[in-house]
Amino acid sequence: MTKEELKYKLGEISREAAFDETGEFLNVIIPSPELLPLIKPLRLNKEFYFDYLFCITCVDWKDYLSMVYHLTSTLHRHTCVVQATITDVHCPQIESVSGIWKTAELNENEIYDLFGVTFLNHPNLRRLFLGDQWKGYPLRKDYTDEHMILL
Amino acid sequence: MKKGKEENKIVFPGQLHESPEGGMLVTKLDEIVNWARSNSLWPLIFGTSCCAIEMMHAAGAKYDWSRFGFEVARATPRQADLIIVAGTIVMKMAPVLKRLYDQMPDPKYVIAMGACTISGGPFFYNTYSVVKGVDHIIPVDVYIPGCPPRPEALLHGMIALQEKIKHQPVFRKNKKEIHHDERRIKI
């Protein structure tokens, strides 16, 4: 499917979706509660068939967080990027996609570890790299550590 | 030692007195033990990032550190007496490095290779995970600056370590201080 076709079909699924076509891939920007209703058809629907989630990222924009999902289809060879905006920075929560793509399980653990995003319905949400005693989430912009970070 | 014909020979500490029955060597125990120690340093195979690549070059055919007695690189700390800390040490690696060092038999020596092991390198100011200098964890004998240092610099540092060993007392305990700074690291 071309970018234009994807954009048209995705607009039909989610009315709240905004689109950004400046990058290499089509970006779909949605609020975080809209994630599962949008992303499930992307995996299950035969004409999308996004069977490969190749990257999950979290971005801290200070007043909100973005979860970025890079999806591609090994069948149709098309790619799109779903960006879910989390407005609550103090207690960020989003639905886990590990039930749809198993690979998301460890990625979401990592994001929980470094950004503190809680993934609802995640089978085993835990600190992945840092110890269980670690306080705070080091990749957040407001993270401070007076012993380690000097500037 | 005599110069000239014997110039290419390994400089042996002491004086050889020849006699009809063979000969006699007059030397100091410190000097001869240190001579042996410094000329057969066994480095531990240990590298955590790009400095390790330069270290491998120093071991390879072009720079060939076996010319100076370092050829027996060991894969276990229990058989090594030199650890070249080549690369960034993060907080998670710090206890492992300490344990490796503790497992090495005395006498043991440490070379801090590159900016990361000296001070935390490019990660000095703004990272939550990097140890700001390996001397917070283990005592360092020789520091080699660079990012990463060239193999020649590493060889120079290793030869400097040999010179240092040659001037150390063998039996008096050599006190090594760790510049332990509570503010920077908690292990």
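Each value in this text was obtained by applying a stated rule to the coordinates, not by laboratory testing. Bear in mind the structure is a predicted one, so any value in this text is a computation, not a measurement. Heads up, the Cβs are rebuilt from the backbone with ideal geometry, glycines too, and the neighbour counts pull from every protein chain shown.
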Checklist entry - By how many degrees, between 0 and 90 and to the nearest 10, does the Cα long axis of helix A:104-115 differ from the longest principal axis of chain A? => result 40
Checklist entry - Taking springs between alpha-carbon atoms closer than 10 angstrom, which of B:157, B:121, B:22 fluctuates most in the Gaussian network model of chain B? => result B:22
Checklist entry - Given +1 on the Cβ of Lys and Arg, -1 on the Cβ of Asp and Glu, and no further charges, what dipole in debye does chain B carry about its Cα centre, rounded to the nearest 20? => result 440
Checklist outcome for this item: Links exceeding 21 Å between C-alpha atoms in this model, out of A:141/B:98; A:3/A:102; A:62/B:132; A:7/A:102; A:9/A:40; A:135/B:92, come to A:141/B:98; A:3/A:102; A:62/B:132; A:7/A:102
Checklist outcome for this item: Taking every DSSP bridge whose two residues both lie in chain B, the antiparallel percent to the nearest 5 is 35
Checklist outcome for this item: With the charge dipole of the stretch A:3-120 built from beta-carbon charges (+1 for Lys and Arg, -1 for Asp and Glu) about the Cα centre, the Cα from A:10, A:22, A:98 projecting farthest to the positive end belongs to A:10
Next on the checklist: With a 10 Å cut-off between alpha carbons and a GNM built on chain B, which of B:99, B:150, B:74 moves the most?
Outcome noted: B:99
Item to check | Alpha carbon centroid spacing (whole Å) that separates the stretch B:76-102 from the stretch A:81-151 | outcome: 30
Checklist entry - Which whole-number percentage describes the relative contact order of chain A, with Cα contacts under 8 Å and a sequence gap of 6 or more? => result 17
Checklist entry - So what is the 222 nm mean residue ellipticity for the protein assembly as shown from helices alone, if each DSSP H run of at least 4 adds -39500 (n - 2.57) and you divide by all residues, rounding to the nearest 500 deg cm²/dmol? => result -7500 deg cm²/dmol
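Among DSSP bridges having both ends in the protein assembly as shown, what percentage is antiparallel? Round to the nearest 5.
55
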Checklist outcome for this item: In whole angstrom, the spacing between the Cα centers of the stretch A:2-33 and the stretch A:37-77 equals 11
Checklist outcome for this item: If one builds a Gaussian network model of chain B from Cα atoms under 10 Å apart, the most fluctuating residue listed among B:43, B:77, B:105 is B:105
